[in-house]
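Structure record follows, encoded as C-alpha cells.
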Amino acid sequence: MNTLSNSEKIKFLLRLVLAAIFIFSAVAKLLSVGLFEIAVVDQGLAATREQAAYPARLMIAFELFLGAALLFPFYLKRAIFPLTILTLVAFTLLQAHQLTFGEQTQDCGCFGELLPMSSAASLVKNAFLLVLSLVLFKITKEEKRNLAIPAVLAIGSVAVVLLLAPVRRDYEGTFAKYTQFEGAGRVDLTSDDKLVAVFNADCDHCRETARELGALAEQSVKFPKIYVLMFSAHDSLLSAFAQKTNTHYPYHVISEAEFFDLIGNSPPRLYWLQHGKIKARWDESFGENIVAAFNLQTTAQKP
C-alpha cells in the first residue's frame, strides 16, 4: 500500500539527489585523498600536506555524514539542512573568492580524480546545490527525532574515512613535495605505483631515453604513465625537448641542486615508486626494466 503522496515522493527524490552528490563527492575524494590534501594546500587552507591531512579527512567524513543523513528523516529541519546550507555557503564563498582574486585552478578537487572541475564550474555547482537545499528546507514541515541514527552515521563516517585512508607519516619524503606537473595538474607521487624520470632538457641521452620510452609505450599493453622531474637551464629547452623527442610527458621543473641530488653518475635516472617509497631505481636499460617490473606485453609479443 502506497502511503506517500506525490509531494512527499518529490521531496524524497530531491533529497536523494542532494544526498547522492554529497556521497559521490566524499567517495571521490577518499579514492584520491592525497590529491585532496594537495588541493587544500593549493587553496591556501593549509601550509603543508601534513597540516592538511586531518582537516582533509574530516571534511570527507563530514560530506559522507551529510549525504548519509539526508537519506533519513531525522532532524532534517533542525540540523541536517542548516548544516548542508552552511557548508554550501562556505564552499560558494571560497570559490567566489578564488575567482575574484585570480586564484582559481583547473581542478578544485571537489570530486577528486573522478570528475575534474574548475573553480568556475564548482561555483555554479555549489550555487545549484545551495538553491536545492534552501528549497528543501522551506518545504520540509515536520521531522522525526532519533538522535541515535545521526550519531551512528557521524561516528561511522569518521571511522570509515580514517580506516580506509589513514594519515601518512612521511609527508616530507623526497617525492612528496612535487605536486604540480605541467600537462597533468595535481599529482600525488606518494600514492600507488608511479614512474618518475629525472631528465635534463639539454641532455642527448635523456632525449634518447624519452624517445625510447615513448615508442615502447605505443607498442605496450598497460604501459605505466611517466612523470618527469626536469632540469632546464632555459625555458626554450623545454619545448625543444618535447619536439625533438615527440613526447609530452607531464613534467615539473626542478633546480640544478635537486637534479644532481636525484641522478646517479650521469642523467637520466628512472625511479619506480610504490606509495612514495623507492621500489627500484634504474640508470640504464630503462625499457627492459619497465617491461620486466610491470610484466608488460608488447604488440610484438601478442600471438
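The values are calculated or read from the model by the stated rules, or taken from the named source; none is laboratory data. On a predicted model such as this, the values are computed, not experimentally measured, just so you know. Please note: Cβ atoms are built from the backbone with ideal geometry, for glycine as well, and neighbour counts cover all protein chains shown.
Remarks
- Single residue of T87, T100, T105 found to be of a type in the set (S, T, Y), at pLDDT below 80 and either under 18 Å from A20 (Cβ atoms) or loosely packed, with under 14 Cβ neighbours inside 10 Å (or both): T100
- All of L35, L13 fail the test of being touching a Ser or Thr at 6+ places or on another chain (Cβ under 9 Å) and assigned to a helix (DSSP H, G or I), apart from L35.
- Q95 being on the phi < 0 side of the Ramachandran plot and crowded, with 21+ Cβ neighbours inside 10 Å: yes
- Matching residues, the range 219-257, being within 19 Å of A184 (Cβ to Cβ) and charged (D, E, K, R): K222, K225, D235
- Selection within the range 38-55 - closer than 18 Å to L94 by Cα, part of a loop (DSSP other than H, G, I, E, B) and in contact (Cβ under 8 Å) with a residue 24 or more places away in the chain: Q43, G44
- Residue match in the range 247-270 (condition: among the charged types (D, E, K, R) and over 28 Å from the mean Cα position of the chain (by Cα)): yes
- Restricting attention to the range 57-84, the residues that are surrounded by 20 or more Cβ atoms within 10 Å (Cβ to Cβ), closer than 24 Å to A159 by Cβ and in contact with a Leu (Cβ under 9 Å, 6 or more places away or on another chain) total 13.
- Where a residue in the range 271-284 is within 18 Å of M230 (Cα to Cα) and its partner, wherever it lies, is of a type in the set (F, W, Y) and surrounded by 13 or more Cβ atoms within 10 Å (Cβ to Cβ), with Cβ under 7 Å and at least six apart: L273/F175; R281/Y271
Yes/no per residue for (1) surrounded by fewer than 21 Cβ atoms within 10 Å (Cβ to Cβ); (2) modelled with pLDDT of 95 or more; (3) hydrophobic (A, V, I, L, M, F, W, C):
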site	(1), (2), (3)
I23	yes, yes, yes
L31	yes, no, yes
V41	yes, no, yes
A47	yes, no, yes
E50	yes, no, no
A53	no, no, yes
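- Scope the range 207-219; condition in contact (Cβ under 8 Å) with a residue 24 or more places away in the chain and over 12 Å from A242 (Cβ atoms); matching residues: T209, E212, L213, L216, Q219
- Within the range 101-123, not a single residue is assigned to a helix (DSSP H, G or I), in contact (Cβ under 8 Å) with a residue 60 or more places away in the chain and over 18 Å from Y178 (Cα atoms).
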